[in-house]
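Asker: Before I ask anything, let me first share the structure, which is written out below as structure tokens.
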Amino acid sequence: MDPISPMEQALHAARALVLADLVAGRVAEADVVSLVEESLVQRRWWVEQWPEGAPFVAGLVAQDVQDALLERYGRWPLCPVCGAGDPHALDVQPELGPDPHWVCSEAGVKVAAVGSLGEAIGGAGSSGGRST
């Protein structure tokens, strides 16, 4: 059997990380998982064109899914750090770079690495869920 290429490893890792965050926020329904798959199709083409960008795929897929969820359902993931004020979504930083994290731009803090959101929200449905 042929070894898995670095591009395929990056795509599989991105899928696993984003799915872990969706599960932690209790939003990993079939239609939402389909958004991950749609993003992976697009990002596969992107990384084929720019193989050096493979380490950036997880953050890009997280952003793609976040954008698609916003358009269809509402903000995700909601910030578990700020208890007061209007609910707001976390951002992925860096926007294009390795080692992506969920960040609260309002508080200026890293909340969790992409794929580790469950540790920050404790798997609670309300703080990591969607909001319309």
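The values are calculated or read from the model by the stated rules, or taken from the named source; none is laboratory data. Every value quoted in this text rests on a predicted model; they were computed, and no experiment measured them. Neighbour counts are summed over all protein chains in view; Cβ atoms, including those assigned to glycine, are modelled from backbone coordinates with ideal geometry. For the accessible areas, the whole protein counts, side chains as well, though only heavy atoms, and no ligand, DNA or RNA atoms are used. Shrake-Rupley method; radii C 1.70, N 1.55, O 1.52, S 1.80 Å.
Asker: Please work out the Cα convex hull volume for the range 1-117 and give it in Å³ per residue.
Answerer: Dividing the Cα hull volume of the range 1-117 by its residue count gives 105 Å³.
Asker: Using a 1.4 angstrom probe, figure out how much accessible area the range 1-81 has per residue, in square angstrom, rounded to the nearest whole. Before the final figure, lay out the partial values.
Answerer: Working: 4360 Å² over 81 residues.
Averaged over the residues of the range 1-81, the accessible area is 54 Å².
Asker: Using the membrane-span-like helix rule (whole DSSP H runs, Cα extent along the own axis of at least 20 Å, mean Kyte-Doolittle hydropathy at least 0.5), which helices of the chain qualify? Please list the in-between numbers first.
Answerer: Numbers: long enough: 6-24 (27 Å, 0.87); 30-49 (29 Å, -0.15); 57-72 (22 Å, 0.44).
Helices meeting the span and hydropathy rule in the chain are 6-24.
Asker: So, one more: Mind listing the phi-derived Karplus ³J(HN,Hα) values for the range 109-119, rounded to whole Hz, using 6.51, -1.76 and 1.60 with θ = phi - 60°, and x for any glycine or proline?
Answerer: 10, 6, 9, 6, 5, 4, x, 10, 4, x, 5
Asker: Continuing with this model, one more query. Before rounding to the nearest 500, sum -39500 (n - 2.57) across all DSSP H runs of length at least 4 in the chain and divide by the residue total; then give [θ] at 222 nm in deg cm²/dmol. Before the final figure, lay out the partial values.
Answerer: On the way: 5 runs with 64 residues, N = 132.
My calculation for the chain gives -15500 deg cm²/dmol from helical runs alone.
Asker: Now for a different question. Determine the relative contact order of the range 32-132: mean sequence separation of Cα pairs under 8 Å and six or more apart, normalised by residue count, in whole percent.
Answerer: Numbers: 144 pairs, mean separation 26.1, N = 101.
26 percent.
Asker: Which value, in debye to the nearest 20, describes the size of the charge dipole of the chain about its Cα centre when Lys and Arg Cβ atoms bear +1, Asp and Glu Cβ atoms bear -1, and nothing else is charged?
Answerer: On the way: 8 positive and 18 negative charges, 64 e Å.
In total the dipole reaches around 300 debye.
Asker: Next question, about the same structure. Considering only protein heavy atoms and a 1.4 Å probe, what is the carbon-and-sulfur percentage of the accessible area of the range 1-117? Before the final figure, lay out each step's value.
Answerer: Numbers: 3410 of 6220 Å².
Its accessible area is 55 percent carbon and sulfur atoms.
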